[in-house]
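Undergrad: Quick one: structure below, then a few questions.
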Amino acid sequence: MKKKLSTMTSIAIGITLFSMFFGSGNLIFPPFMGFQAGTETWKGMLGFGITAILFPVLGVIVIAKFSDLPHLASRAGRRFATLFTILVFLSLGPGLAIPRNAAVSFEMAVIPFVGHVTMGMRIAYSLVFFAIAYFLSARPDKLTDTLGKFLGPILLGLMLVVAIVCFVNVDGPLTEPDGAYASSQTLQGFLDGYLTMDTLAALNFGNIIALNVMDQGVKDKKDIVHYTVIAGWIAGLLLLVVYAFMAHVGSLSAAISAEAANGANVLTNIVAYLFGTPGLILLAVIYILACLTTCIGLLCSCSEYFASISRMNYQGWVALFTISSFFMSVVGLDQILVISVPILNAMYPIAIVLVILGLLDEKLKGHENVYKMSLLFTGIVSIIYSLSSAGFNIPFISRAVTSIPPCTDLCWIIPAVIGFMIGWFMPAKHEASMRESISPQQI
C-alpha cells in the first residue's frame, strides 16, 4: 500500500527546504533592493523572483526527476558530471558557504554588542556554532524534525514580527529609485537574485529532501519525486512571501535612514528604530537561525555526496567538513572569498542552463549534443567573464565576451542559445550509451 503524506507533513518538509535555502545572503539582498528601488520595488521583485525563487524551485524539481546532480550532469558526459558536481559541492560547502555563514552570523550577532572584537571571541563563537551544526547534521533524513518543525517555523515567525511591526509603525513616503536600481529595476533585481546562488544550492538540496520524504515512509519512486516537487513549490512560496515582506520593509526604511551601504545596514537601522536594543537582539537571533539552518543543509548535502563516492562514511565527512569550515571561518575567509566567488560566478550560468536542459530532457531525445554544446559555450563565456570580474583580463577576448548583449553580467545567454542550436543539428552518436539507464522515468 502506498504511503501518502498529510498536508502538515508536506508543509513541514517544504519549510525544511526553505530553511536550507534561507541563509545570510537571502536575508540581506531583498531589503537592500527595496531600499534602493523605492517606489519601483515591485519591478525589482519581479526580476529577483526569477533567479532567487523560480530557478531554485525548478532546480529542486529537476534533481527530483534525475535523483541527484551527477545523474543530471552526466547528460553532458561523465567527466563533466564528476568535475562540475565536485566543484558545486565544494564551493557551496566547505570552500565558501559553510564558513561564510558562521562568519557572517558572527558579524551581525556579536559585533554590534561588543566594543572590541578579539580572535578568542571568533573562535569561541565558531566552536559553538559548528558544534550545534554538527549535532543537527548527524541524521540528514531527520531534518524535517529539526528544521521543518522547529527552527524553520521560529525563523519565519521572527521575520513576520519584524515585517508586521514595520508596516504598522512606519508610514514614511517611498523614495524614488536610486543607486543600482536607478534604472532597469527588473534587470537589476534579476542580477541580485543571481547572486544568492540558490540555483546551485538547489542542485545540492534536492536529494536531501528526497531522503526526508523517504523517512516519512514513502517508498515508491514516483511518489518520492511527487512529494519532493511539492516541497519545492512550498519553499518557493515561502521565499516569495518573505522576500516580498523584506523588500517592502527595505523600501519603508528609507524614510528612517537615508544612508545604508548594504542590506545588513538597512535591517539594523529599521529594527533599531522600531525596537531599540531588544530589536538588535531579535535581529541577531534571526541571523543566527538563518545561517545555522543553511549551514546544516549544506553539511548534510555535501557529506552525502562525498560519502557516496569514497570509502569514508557520512559521519566522517560531516566531521571533516565541520572542522575545516571552523578553521576557515576564523582565519583566511577573505582569501577564500577572493578565490571562491569567481568560481561561483563561472558555475552559476552553467547551473541555470543545466536546469533548463533538464526540464526539456524528454524533448531532447535524439539531440543529446545539445547538452554538451550548450554547456560548452556557456562555460567558456562564463569562465572568461568570471576571470574578468576578478581582474584577470585576456587581451581582446575579455572585452569581446563581456560586450555580448544584453549586458556584461548576462553575456552568457546568447552563447548558450547558439550552443543549443549547434547541438540540435549535430548528429547524435551512441545515443543509447549516452542516455544509458539514468532516464528520469527509471528512477
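Undergrad: Does the stretch 165-180 hold any residues that are without any contact (Cβ under 8 Å) to a residue 60 or more places away in the chain and under 25 Å from the mean Cα position of the chain (by Cα), and which are they?
TA: The answer is none; no residue qualifies.
Undergrad: Given the conditions (1) within 26 Å of Gln36 (Cβ to Cβ); (2) open to solvent by 50 Å² or more (accessible area, probe 1.4 Å), and given that Asp192 satisfies all but one, which numbered condition is not satisfied?
TA: All conditions are met except number (2).
Undergrad: Right, here's the next one. Of everything in the stretch 358-397, what is assigned to a helix (DSSP H, G or I) and among the polar types (S, T, N, Q)? Give them in sequence order.
TA: Across the stretch 358-397, the qualifying residues are Asn369, Ser374, Thr378, Ser382, Ser386, Ser388, Ser389.
Undergrad: In addition: Is there any pair linking a residue in the stretch 345-369 that is in contact (Cβ under 8 Å) with a residue 24 or more places away in the chain to one that is outside any helix (DSSP H, G or I), with Cβ under 7 Å and at least six apart or on different chains, and which?
TA: What qualifies is Tyr348/Met197; Pro349/Trp412; Gly366/Ala428; His367/Ala428; Glu368/Ala428; Asn369/Met426; Asn369/Ala428.
Undergrad: Name the single residue that is modelled with the lowest pLDDT among those in the stretch 406-431 being assigned to a loop (DSSP other than H, G, I, E, B) and under 26 Å from the mean Cα position of the chain (by Cα).
TA: Cys407
Undergrad: Mind counting the residues in the stretch 33-71 that are touching a Lys or Arg at 6+ places or on another chain (Cβ under 8 Å) and either within 18 Å of Gly379 (Cβ to Cβ) or of a type in the set (Lys, Arg) (or both)?
TA: Residues in the stretch 33-71 being touching a Lys or Arg at 6+ places or on another chain (Cβ under 8 Å) and either within 18 Å of Gly379 (Cβ to Cβ) or of a type in the set (Lys, Arg) (or both): 0 in total.
Undergrad: In the stretch 169-185, how many residues are open to solvent by less than 50 Å² (accessible area, probe 1.4 Å) and more than 17 Å from Gly263 (Cα to Cα)?
TA: Residues meeting the conditions: 2.
Undergrad: Can you report the number of residues in the stretch 237-251 which are surrounded by fewer than 24 Cβ atoms within 10 Å (Cβ to Cβ) and over 17 Å from Leu158 (Cα atoms)?
TA: 1
Undergrad: Could you say which residue among Ile86, Ile98 is surrounded by fewer than 17 Cβ atoms within 10 Å (Cβ to Cβ) and either closer than 30 Å to Leu72 by Cα or modelled with pLDDT under 80 (or both)?
TA: Ile86
Undergrad: All but one of (1) in contact with a helix residue (DSSP H, G or I) (Cβ under 9 Å, 6 or more places away or on another chain); (2) surrounded by fewer than 20 Cβ atoms within 10 Å (Cβ to Cβ) hold for Ala255, so report the exception by its number.
TA: The number of the failed condition is (1).
Undergrad: Still on this structure: So which residues in the stretch 201-231 are in contact with a Phe, Trp or Tyr (Cβ under 7 Å, 6 or more places away or on another chain) and either among the basic types (Lys, Arg) or buried (at least 24 other Cβ atoms within 10 Å of the Cβ) (or both)? Write out each step before concluding.
TA: In the first step, residues of the stretch 201-231 are kept if they are in contact with a Phe, Trp or Tyr (Cβ under 7 Å, 6 or more places away or on another chain); the result is 201, 204, 213, 218.
Across the stretch 201-231, the qualifying residues are Ala201, Asn204, Val213.
Undergrad: Please go through (1) open to solvent by 40 Å² or more (accessible area, probe 1.4 Å); (2) under 26 Å from Ala131 (Cα atoms) for Ile286 and return the number of the only condition it doesn't satisfy.
TA: Going through the list (1) open to solvent by 40 Å² or more (accessible area, probe 1.4 Å); (2) under 26 Å from Ala131 (Cα atoms), Ile286 breaks only (1).
Undergrad: Leu155 fails exactly one of the following numbered conditions: (1) over 25 Å from Leu72 (Cα atoms); (2) open to solvent by 10 Å² or more (accessible area, probe 1.4 Å). What is the number of that condition?
TA: Leu155 satisfies every listed condition except (2).
Undergrad: Determine, yes or no, whether Ala64 is touching a Pro at 6+ places or on another chain (Cβ under 9 Å) and part of a helix (DSSP H, G or I).
TA: Values: touching a Pro at 6+ places or on another chain (Cβ under 9 Å): yes; part of a helix (DSSP H, G or I): yes.
Yes: the conditions hold for Ala64.
Undergrad: I need a count of the residues in the stretch 108-124 that are open to solvent by 40 Å² or more (accessible area, probe 1.4 Å), among the hydrophobic types (A, V, I, L, M, F, W, C) and not in a helix (DSSP H, G or I).
TA: Of the residues in that region, 2 qualify.
Undergrad: Kindly indicate whether any position in the stretch 387-399 is open to solvent by 80 Å² or more (accessible area, probe 1.4 Å) and at positive phi.
TA: yes
Undergrad: For the stretch 125-152, what are the residues that are part of a helix (DSSP H, G or I) and open to solvent by 50 Å² or more (accessible area, probe 1.4 Å)? Let's see the steps before the verdict.
TA: As a first pass, look at the stretch 125-152 and keep what is part of a helix (DSSP H, G or I): 125-136, 140-152.
Leu127, Val128, Ala131, Ile132, Tyr134, Phe135, Lys142, Asp145, Lys149, Phe150 - these are the residues of the stretch 125-152 that are part of a helix (DSSP H, G or I) and open to solvent by 50 Å² or more (accessible area, probe 1.4 Å).
Undergrad: Which pairs do you get when a residue that is under 21 Å from Ile323 (Cβ atoms), found in the stretch 134-153, comes within reach of a residue that is open to solvent by 30 Å² or more (accessible area, probe 1.4 Å) and of a type in the set (Ser, Thr, Tyr), reach meaning Cβ atoms under 6 angstrom, with the pair 6+ apart or on two chains?
TA: Leu136/Thr146
Undergrad: Can we say Ile343 is among the β-branched types (Val, Ile, Thr), modelled with pLDDT under 90 and touching a Gly at 6+ places or on another chain (Cβ under 9 Å)?
TA: For Ile343, the condition - among the β-branched types (Val, Ile, Thr), modelled with pLDDT under 90 and touching a Gly at 6+ places or on another chain (Cβ under 9 Å) - is met.
Undergrad: Which residue pairs have Cβ atoms closer than 6 Å, lie 6 or more positions apart in sequence or on different chains, and pair a first residue in the stretch 307-326 that is in contact (Cβ under 8 Å) with a residue 12 or more places away in the chain and under 19 Å from Pro70 (Cβ atoms) with a second residue that is aliphatic (A, V, I, L, M) and outside any loop (DSSP other than H, G, I, E, B)?
TA: Tyr314/Ala307; Trp317/Ala307; Phe321/Leu299
Undergrad: Right, here's the next one. Contact list please: Cβ distance under 6 Å, first residue in the stretch 1-12 and under 12 Å from Gln216 (Cα atoms) and of a type in the set (A, V, I, L, M, F, W, C), second residue at pLDDT 90 or above and surrounded by 13 or more Cβ atoms within 10 Å (Cβ to Cβ), pairs at least six apart or on different chains.
TA: Leu5/Tyr227
Undergrad: Looking only at the stretch 165-217, count how many residues are assigned to a helix (DSSP H, G or I), closer than 20 Å to Glu40 by Cβ and of a type in the set (A, V, I, L, M, F, W, C).
TA: 6
Undergrad: Name the residue that is modelled with the highest pLDDT, counting only residues in the stretch 181-198 that are within 12 Å of the chain's Cα centre (by Cα) and over 13 Å from Gly49 (Cβ atoms).
TA: Here the answer is Met197.
The values are calculated or read from the model by the stated rules, or taken from the named source; none is laboratory data. Fair warning: this is a prediction, and the values are worked out from it, not measured in the lab. Cβ sites come from the backbone with ideal geometry, for glycine too, and all protein chains shown count toward neighbours. With ligands, DNA and RNA removed, areas are computed over all heavy atoms of the protein, side chains included. Shrake-Rupley method; radii C 1.70, N 1.55, O 1.52, S 1.80 Å.
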